[in-house]
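In what follows, a structure is listed as structure tokens, so that the remarks can point back to it.
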Amino acid sequence: MADETHTLHSLTLAAMARGLSGGDFTATELTRHLLARVETIGKDLNAFISVTADAALASAAKADKARASGKAGKLNGLPIVHKDLFCTRGVLTTCGSRMLENFVSPYDAAVVERLQDAGAIMLGKTNMDEFAMGSSNETSYFGAVKNPWDTSLSPGGSSGGSAAAVAARIVPAASGTDTGGSIRQPAALTGTVGIKPTYGRVSRYGMVAFASSLDQAGVITRSAEDAAMLLSVMAGFDPRDSTSVNHPVPDYVAGLAAPVKGLKIGIVRQHFDAGLDPQCATAVREALAALEAQGAVLTEVDLPNLDLSVPTYYVVAPAECSSNLSRFDGVRFGYRAEDPKDLMDLYCRSRGEGFGAEVKRRIMTGTYVLSAGYYDAYYLQAQKVRQLISEDFRNAFATVDVIAGPTAPTPAFAIGAKTDDPITMYLNDIYTIGANLAGLPGISIPCGFAGKLPVGLQLVGAHFAEQKLLACAHQYQQLTDWHEQGPEAFA
Amino acid sequence: MKSGWEVVIGLEIHCQLATRSKIFSGASTAYGADANVQACLVDLGYPGVLPVLNEEVVRMACKFGLAVNASISPRSVFARKNYFYPDLPKGYQISQYELPIVAGGELVIRLDDGSDKRIGITRAHLEEDAGKSVHEGFGQFSGIDLNRAGTPLLEIVSEPDMRSAAEAVAYMRKIHSIVRYLEISDGNMQEGSFRCDANVSVRPAGQQKLGTRTELKNLNSFRFVEKAINFEIARQIELLEDGGKVTQETRLYDSLRDETRPMRSKEEANDYRYFPDPDLLPVEIAADYIEHVRQTLPELPDAKKLRFTDQYGIRPDDAEILIVSRALADYFEMLAGETAATAQIAANWAIGELSAALNRDGLDIEQSRIPPAQLAGLLDRLTDQTISGKIAKEVFEAMWAGEGSADSIIDAKGLRQISDSSAIEAIVAKVIAAHPEQVAEYQSGKDKLIGFFVGQVMKESRGKANPEQVNEILRQKLQES
Amino acid sequence: MSKTACIIAAANCARHPAGHAHPEFLVSLTKDQVQHIATLARLSLAKQEFDDVVAKLSRIVDFVDQLQSAPTSNVLPMAHPLDQAQRLRPDQVTEKNERETLQANAGAVQDGFYLVPKVIE
């Protein structure tokens, strides 16, 4: 076996599943092999905050035993890593923040629980922008993550560690969260597949909240098929989350076979305005042409309020985050300032020293837009514009099945390039934010290159149209091999 | 109160709902546990956990709304009230702000002069309670216990319709009585299950514009409500008469000094930044649900009072006392149903001897040492004249002390009333013979002496002679002799 | 310039080298306002951090100010992406005492109480 196991990391999740069930290798062998990459490549890229090697090997042994006794779960023995925003019992859950540097969660998030119950093995927790606030992974207290395609570049964010780990073939799959594009944008910038399901499709229980009405858990993988495998397990009703939807979960893997022929794809004109990098535009246009050649019908749709989505988001998300992060006060968990002279001092210093600059800015923005005298002008107005943006999407989905376009305006950018002005960083999410505001599912898949850097194609669907997105992505991946290309340095 | 001033009072009553688990978590609400053993992940605001609404609090709020003729909102919304305080784990309190579950009710209170007054209820909304801070025993620290955090509260906000501390207390008592009738709260004020904030202002009589108000926080007994408001009224009037101004502020009542003083911790201007809680969806209540809840409403105090005067013919004032507590009213009804005595006698005993004994021993009516059927047995003996009223009280005490039923005590102690006229005649003859001087005085017109003779006969019979017969026979014999 | 063009212009700026001065850069929040917000949010800020926050917060507020121009007079505010009603939970006690585990993350506890500097009422 040893001869064959040295390339195990290049397999997709589906291929690993076949290998495990066919007895080509064991879960223990697979886990050992991948853990070695976590320790080496993972460290080099700064993709991980915690590695759970011992627990992973113990789980792998259990998975092998389960398989031997014919009790293998759906994902038995398959590796997964979690964004460090998901609570994991007995394991550090830092959210990329000094505030939670020593926080050991006493419970598992729903996503963690479901994957574990299906037999998946957690190898570690991935680096991320602090509390998921960022689009470049530079706001992490644990340092920036490097893009495997060019280690001077950012992998995007906030699920940057997850995207880098999958792109570098450390693991085939990683969980992520997406509040304004935090799964899809890093997927685009690292040449991976990233899906953000419909709001309410996956339980938010145990996902440390950034902006509750926008946050949604998803996965980063190398193929649409792998994403479908994981989503089938992750999705579903959870009574512990009031916003979780009690809606049957289809078999996403079985649905992948649906042909592209006849699929109505909407194109948004503004997506191709001057803001989009020309090489990215070319790659996206070619991908659309390839789908059209397969029988998809392309039509132009209008999202008249699209240009207001970024400012709307930067009112709604900070408002919710300012309140969500109030619980970090140095009393029950998290960073506590030393020798506080009074209660005010305990609060202000614990929070002032525990949170990084971007988190503080967003808390303050949110505090401002909710404060007396500004609420109507900012928060309430943003909620109304959010309604307008959602109506635009509703109208569009009355005539098309999916909306396709670029995921991000540019390919990966240099670490440090956009840290000076918050707005230039925020505008990275211009194409992804709309889906969060309207609660829609979105997927980013590799569709070519701008120079040597991968480009992402985004597909957005109506509520609960994950199956259409996955099928379209899968069919595209039957025609193309962009998703099979990885950074050579980590082959 | 000084003349020339009008007082305006509005109350915000915080009523703890009697659920088993908390409003947004499955932790127990039982009182008196060790610090923080009933504070679960959700109550502590742990990262990643989420609130899920308890169905029982919705039902209870609906019951209250229906009981005070309010409308139940088909759609109500939970908001976050943001502020930092150690007893508030999440840094925000989940409460209802713009769209409360109950809006626009009213109730009627009875004033001292016997007239009725309508008090408007602006709204009632659901919210979570905070924990508590303990300031002693931790050196330079305060200890925080979050067991109470997340306990469901119904905050009942009145219109500023009350014009005296007495009216405020009458209103609070009425609400207290209603929530206990509905069995949505135990109303236990010592444990903080029922407390209120009072908004108090004064204005020159006849002035339309309201004066500047102060808010008196956390008044947890009827007596403190009355005293705190009266102190505050006097303080405000004195301030204004001296040419000063009332500052709008939050004040605490210090029961040891019987005064109110500004709360230091609330001095900083608050900006609560209310916004809809994104973790909770709008609460939708269908019309048929409301109808269903309406079917489960018990008879309420006002209706019960009317029925008691109609059905039992008891005095309205007695009915008013009996209906304050649903348990007392139930006791009365069982008693009246079991005994051959008139309902008025049953009422007298429930309000009189029984309530006095309960008070004396600090017991609730549910803990009465004499169940209604047994007390009925006593009243039966009173009615069939086996014993006199005076002896009945003696028997009652013996029953209270656990000596048995009325009949067994009467027999054991030989307390049966003497109704045999020949026996009474014998005693009367003996008394007349022993007091010739008084007999002479009586016969010369001093009618009042009849009381003396009755007393002597009762004494001679050790209280057992039938007082009516004694009276009758005495008058007759005194005439004759 | 249309709003879209504005955003794209800004996006293009983003690709300029760090430190590029934006012509539309305005400081619309005062230091006092920023201090008030920091106090409301209970955030201590170091001196150099404070000046940076004043500048960047102003930039953000100016940016989101473009929402004011959107015509929303008859639009209902949207708080949730899905139009659903709150689900209710049965009134059952499901939690046990886990104080020891839950207090393991706390900075200061005594006799089961969380400790904070003395609060004066």
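Quick notes
- Qualifying residue in the stretch B:352-365 (condition: over 16 Å from the mean Cα position of the chain (by Cα) and hydrophobic (A, V, I, L, M, F, W, C)): yes
- Enumeration of residues in the stretch A:190-249 that are within 14 Å of A:Leu469 (Cβ to Cβ) and β-branched (Val, Ile, Thr): A:Val193, A:Ile195, A:Thr198, A:Val219, A:Thr221
- Restricted to the stretch C:24-44, and to residues there that are of a type in the set (A, V, I, L, M) and under 15 Å from the mean Cα position of the chain (by Cα), the residue that is surrounded by the most Cβ atoms within 10 Å (Cβ to Cβ) is C:Ala41.
- A:Asp238 vs. criteria under 13 Å from the mean Cα position of the chain (by Cα) and either more than 11 Å from chain B (Cβ to nearest Cβ) or of a type in the set (Asp, Glu) (or both): no
- Checking B:Trp349 against (1) surrounded by fewer than 18 Cβ atoms within 10 Å (Cβ to Cβ); (2) within 20 Å of B:Ala319 (Cβ to Cβ), the condition it does not meet: (1)
- Annotation: of all residues in the stretch A:353-373 being without any contact (Cβ under 8 Å) to a residue 40 or more places away in the chain and buried (at least 19 other Cβ atoms within 10 Å of the Cβ), the one that is farthest from A:Ala317 (Cα to Cα) is A:Ser371.
- Of all the listed residues (B:Ala79, B:Ala61), the sole one being more than 9 Å from chain A (Cβ to nearest Cβ) and in a strand (DSSP E or B) is B:Ala79.
- Top-ranked residue in the stretch A:73-112 [being over 19 Å from A:Thr221 (Cβ atoms) and more than 12 Å from every other protein chain (Cβ to nearest Cβ); ranked as surrounded by the most Cβ atoms within 10 Å (Cβ to Cβ)]: A:Gly96
- Complete set of residues in the stretch A:338-366 that are closer than 10 Å to A:Met99 by Cα and small (Gly, Ala, Ser): A:Ser350, A:Gly352, A:Gly354, A:Gly356
- Of all residues in the stretch B:30-58 being more than 8 Å from chain C (Cβ to nearest Cβ) and not aliphatic (A, V, I, L, M), the one that is nearest to A:Ser242 (Cα to Cα): B:Pro51
- Note on the stretch C:1-47: residues that are at pLDDT 90 or above and more than 23 Å from A:Leu370 (Cα to Cα) total 2.
- Selection within the stretch A:288-333: residues that are assigned to a loop (DSSP other than H, G, I, E, B), within 14 Å of chain B (Cβ to nearest Cβ) and within 27 Å of the chain's Cα centre (by Cα). The member of this set that is farthest from C:Leu40 (Cα to Cα) is A:Phe333.
- Matching residues in the stretch C:70-91 - criterion: being assigned to a loop (DSSP other than H, G, I, E, B) and of a type in the set (Lys, Arg): C:Arg87
- When restricted to residues that are assigned to a loop (DSSP other than H, G, I, E, B) and at the interface with chain B (Cβ under 8 Å from one of its Cβ atoms), the stretch C:92-121 contains 13.
- If you go through the stretch C:56-106 and keep only what is crowded, with 16+ Cβ neighbours inside 10 Å and small (Gly, Ala, Ser), you end up with C:Ser58, C:Ala70, C:Ala79, C:Ala106.
- Condition check for B:Tyr46: within 16 Å of B:Leu88 (Cβ to Cβ) and in a loop (DSSP other than H, G, I, E, B): yes
- If the condition is being touching an Asp or Glu at 6+ places or on another chain (Cβ under 6 Å) and either over 17 Å from B:Pro89 (Cα atoms) or facing chain C (nearest Cβ under 8 Å) (or both), then the stretch B:129-143 contributes only B:Ser133.
- Residues (in contact with a Gly (Cβ under 6 Å, 6 or more places away or on another chain) and closer than 20 Å to A:Ser203 by Cβ) located in the stretch A:59-83: A:Gly73, A:Leu75, A:Val81, A:Lys83
- Candidate set: the stretch A:388-429, residues that are in a helix (DSSP H, G or I) and within 7 Å of another protein chain (Cβ to nearest Cβ); chosen: the one nearest to A:Val310 (Cα to Cα): A:Leu427
- Some residue of the stretch B:253-272 being touching a Lys or Arg at 6+ places or on another chain (Cβ under 7 Å), within 14 Å of chain A (Cβ to nearest Cβ) and in contact (Cβ under 8 Å) with a residue 12 or more places away in the chain: yes
Residue by residue, here is whether (1) among the hydrophobic types (A, V, I, L, M, F, W, C); (2) in a loop (DSSP other than H, G, I, E, B) holds:
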| site | (1), (2) |
| --- | --- |
| A:Val171 | yes, yes |
| A:Ser182 | no, yes |
| A:Gln185 | no, no |
| A:Ala188 | yes, no |
| A:Thr198 | no, yes |
| A:Tyr205 | no, yes |
| A:Ala209 | yes, yes |
| A:Ala217 | yes, no |
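The values are calculated or read from the model by the stated rules, or taken from the named source; none is laboratory data. The model shown is predicted, which means the values in this text are computed figures rather than measured ones. Counting neighbours? That spans all protein chains shown, and the Cβs are built from the backbone with ideal geometry, glycine included.
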